[in-house]
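Remarks on the structure that follows.
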Amino acid sequence: MENFSAPEVTADDHVLGPADAPVTLVEYGDYECPFCRGAFRDVHRLLDRYPGKIRFVFRNFPITQVHPHAEQAAEAAEAAAAQGKFWEMYELLLQDSADLDLDSLLGYADRLGLDVARFRNEVVGNVYTERISRDIDEGIRNGVNQTPKFYVNGRRIDGKFPMEGLVNAVRDAVDAASPG
């Protein structure tokens, strides 16, 4: 069996939910991946089902060989993060109808009230390539081999349909953390 490290949440991560939540859910995702777009809905259902119990972390893992706009979309998410709007951009990018060409990304930036000129310069200039590469390198060390790839309290969720395993793993972790 291959030995991979478990993801550790750092100050650089994009985190939604309380720091002291009993369950940490880490996703490595690709904004152009149709499975990541489906997982977006399911993850947010879990967050709604277990309010205050889950700390959700999203990390970039663009698979550029298959998704030609994925890296640019990750740059856009990071450029939005630099202006305090990561989660808002994340939600726009993962909509089923989201287009990820530059004009669409600029439209999303405008919709979110970002400094569009700064946003454009950062996306076109690949300002966040190093950060995205760190996410990818960490993902590889953690055994990411496809997107979306999830970890619940450090345990990798594998399988052809990871959402089934994810829902069960989150439920079990929440139950284990609840006073009996």
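A few comments on the model shown:
- Segment residue 158-residue 127, length gained on full extension (0.36 nm per residue, minus Cα span): 7.9 nm
- Under 12 Å, Cβ to Cβ, from residue 23 - net charge with Lys/Arg +1 and Asp/Glu -1: +2
- Efficiency of FRET between residue 111 and residue 145 - r from beta-carbon atoms, R0 25 angstrom, step 0.05: 0.15
- Projecting label points 7 angstrom from Cα along Cα→Cβ for residue 44 and residue 96 puts them 1.3 nm apart.
- √(5λ) per eigenvalue of the Cα gyration tensor, region 71-173, largest first, Å: 29, 16, 12
- Against the main long axis of the alpha-carbon atoms of the chain, helix 70-82 sits at an angle near 90°.
- Our coupling estimate for region 106-119, obtained by passing each phi through the Karplus curve with A = 6.51, B = -1.76, C = 1.60 and θ = phi - 60°, is 5, x, 5, 4, 5, 4, 8, x, 7, 6, 5, 5, 4, 4 Hz, Gly and Pro reported as x.
- Calculated FRET efficiency for the pair residue 167/residue 9, C-beta based, R₀ 30 Å, to 0.05: 0.90
- Residue order, fewest to most beta carbons within 10 Å, for 147, 64: 64, 147
- Packing rank of 10-21, 27-38, where each peptide gets the mean count of other beta carbons within 10 Å, highest leading: 27-38, 10-21
All of the numbers you see were taken from the coordinates with simple rules; none came from a lab. Everything quoted here is computed from the prediction, not taken from an experiment. Glycine also receives a Cβ, built like all others from the backbone with ideal geometry; neighbour counts cover every protein chain displayed.
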